[in-house]
1. Aspartates and glutamates within cross-link reach of LYS164: Cα-Cα under 20 Å, excluding same-chain residues under 8 positions apart?
2. With the dipole of segment 1-90 worked out from charges on the C-beta (+1 for Lys and Arg, -1 for Asp and Glu) around the Cα centre, which of MET76, ALA28, TYR39 lies farthest toward the positive end?
3. Between MET120 and ASN145, what is the FRET efficiency for a Förster distance of 25 Å, r being their Cβ-Cβ separation, to the nearest 0.05?
4. Estimate the FRET efficiency between TYR29 and TYR130 by the formula 1/(1 + (r/R0)^6), using the beta-carbon distance for r and 30 Å for R0, to the nearest 0.05.
5. By how many nm would the segment from ASP37 to TYR78 lengthen if fully extended, with 0.36 nm per residue of separation less the alpha-carbon distance?
6. Take the alpha-carbon centre of segment 139-180, take the same for segment 2-57, and report the distance between them in whole Å.
Amino acid sequence: MTNADPHLYGLLAEFTTPETLVAASKRAYEEGYRKLDAYSPFPVEDLAESIGFTHNRMPAIVLVGGLLGATTALVMMYYSAVINYPLNVGGRPLFSWPAFVPITFELTILFASLSAVLGMLGLNGLPMPYHPIFNVPGFALASRNRFFLCIQADDPRFDRQGTKLFLEGLGPKTINEVPC
C-alpha cells in the first residue's frame, strides 16, 4: 500500500538517545520496512544490524584489488625478464620467482589499498554534494547530538499517514517530511 508522491523522499524521525534510535530501527525493521536509514553523530553498536545491513562487499573488493596487483606485478616482471630482455646470468632460470617477491608484495598492497579507498567511496555513494535529507530543519544536529531514522517513500510498506502514525508510536522528538 504505497502513496507514490514524487515530491516526497521519506519521513524522518528525530531521537535524543542512541538507545531509542536502535529500538525504533529494530521495530521498523520488524514491521517490514526495508528502505530505511539511520543517522548518528558516532558509531552505535547494533544500529547497522537493526536496519538490516548485514552484508559488506569491502573484503571482496580489497581481495580482487590485491589479486589484480599481484597478477600485474608477476606479468610485468615475467614479460621484462623472459620475453622482452632475457638475460641469462650464471645459468639461472629467466623467471626466478624468489627475486620477484618484494615487487609482487608491494604491488599487491598498493592495488589492495587503492581498491579499498575507491571501493569505500563508491559503496558510500561519495562524493555526495546534495541529498534531500540535508534540507530538513535540524538535520545538522546529526553530526552533534541527535539521532535520526528515515523511512524512504519508495519502501513497499510506506504509507504517508500509516508510517507517520507508526513513527509517532516510537516516541521521537520530532517527525519531518523529507521533500525531494
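What follows is calculated from the coordinates using simple rules that are stated; it is not laboratory data. Every value quoted in this text rests on a predicted model; they were computed, and no experiment measured them. Glycine also receives a Cβ, built like all others from the backbone with ideal geometry; neighbour counts cover every protein chain displayed.
1. Reachable aspartates and glutamates: ASP5, GLU14, GLU30, GLU31, ASP37, ASP154, ASP155, GLU177.
2. MET76
3. On the way: r = 26 Å, r/R0 = 1.05.
Using R0 = 25 Å, I get an efficiency of 0.45.
4. Details: r = 27 Å, r/R0 = 0.91.
Result of the calculation: an efficiency of 0.65.
5. Details: separation 41, 0.36 × 41 = 14.76 nm, distance 4.87 nm.
Length gained between ASP37 and TYR78: 9.9 nm.
6. That distance is 9 Å.
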